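Please read the structure below before turning to the comments.
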Amino acid sequence: MKYDKFGVAVAEVDELCDLLYINPDAKVEQIFVNKPDQFNNAVDKLFAGFAKLKRYNSTELSVDEFDAKLQSNWHMPDSYKTLDIEGYLVDQCPEKNYLRLVEELKEYNKRNMLDLLRWLKYFVDVMRSNNLPWGVGRGSSVASYVLYLLGVHKIDSVKYKLDIKEFLR
């Protein structure tokens, strides 16, 4: 099986047949195939109950165009899509840390990442409302005070003097 430049799994039909022979319960509906017609016809004729395969259609989009296309369709309630995330963060921030918040928000704005922050707020809210635990924080993300205010991690980057550039490089 191969992956295209966007990380989409693409397989040949014989590879899927081998996979199903080894593991009849494999989730083949998540894999794309160049020529699925023969497999799909066999599923129809044999009433095998297998999921049909999806045809892979390569795209001529650049990685940046593909990313912009995906980022225009966030799967979250409309109330989060229209949330004034900057206002929310200002409300969460102690006055003594406003300069750090403003510095980070400029960087997030420059990178067109406010929708990502809205989605992260939604994600954290879903985790909290369902009593699902998540880690303290890991990697360079703990350098972001904004992510701390959202509850993505529990490391106060202002307190520990972590530089936002460690996260946004």
Given 4 °C, 1.567 mPa s and a Kirkwood radius over Cα pairs, the Stokes-Einstein diffusion coefficient of the range 17-111 in µm²/s is 71 µm²/s
Under 10 Å, Cα contacts only: if you run a Gaussian network model on the chain, which one of L132, L116, L105 comes out with the highest mean-square fluctuation? L132
Please build a GNM for the chain, connecting alpha carbons under 10 Å apart, and tell me which residue among N112, N40, N73 fluctuates the most. N40
Dipole magnitude of the range 2-65 about its Cα centre, charges +1 at Lys/Arg Cβ and -1 at Asp/Glu Cβ only, in debye to the nearest 20? 200 debye
Please identify, among S144, S157, S79, the residue showing maximal mean-square fluctuation in a Gaussian network model of the chain using a 10 angstrom Cα cutoff. S79
Using 0.36 nm per residue, how much length does the chain from L116 to D67 gain when fully extended, once their Cα-Cα distance is taken away? 16.4 nm
Rounded to the nearest 500, the 222 nm mean residue ellipticity computed for the chain from DSSP H runs (n ≥ 4, each -39500 (n - 2.57)) alone is -13000 deg cm²/dmol
Percent relative contact order of the chain, based on C-alpha pairs within less than 8 angstrom and at least six residues apart? 14 percent
Percent of C-alpha pairs per 5 Å bin, the range 2-65, short to long: 3, 17, 27, 24, 13, 8, 5, 2, 0
Quick one: net charge around V28, please, counting Lys, Arg +1 and Asp, Glu -1 for every other residue with C-beta under 14 Å from its C-beta. -2
Translational D (Stokes-Einstein, µm²/s) of the range 39-91 at 20 °C and 1.002 mPa s when Rh comes from the Kirkwood sum over C-alpha pairs? 137 µm²/s
Just name one of P77, M127, L114: the one whose Cα is farthest towards the positive end of the charge dipole of the range 76-166 (beta-carbon charges, Lys/Arg +1, Asp/Glu -1). M127
Work out the FRET efficiency for L132 and E86 from their Cβ-Cβ distance, taking R0 = 30 Å, and round it to the nearest 0.05. 0.65
Quick one: which of K5/K52; K81/K159; K5/K27 span more than 27 angstrom between C-alpha atoms? K81/K159
Grab every C-alpha pair in the chain, bin the distances at 10 angstrom width from 0 up to the longest one, and report whole percents. 9, 26, 23, 20, 15, 6, 1
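Rule-based calculations on the coordinates, nothing more; no lab input. Bear in mind that the values here come from a model prediction, so they are computed numbers and not experimental data. Every residue, glycine as well, gets a Cβ built from its backbone with ideal geometry; the counts of neighbours run over all protein chains shown.
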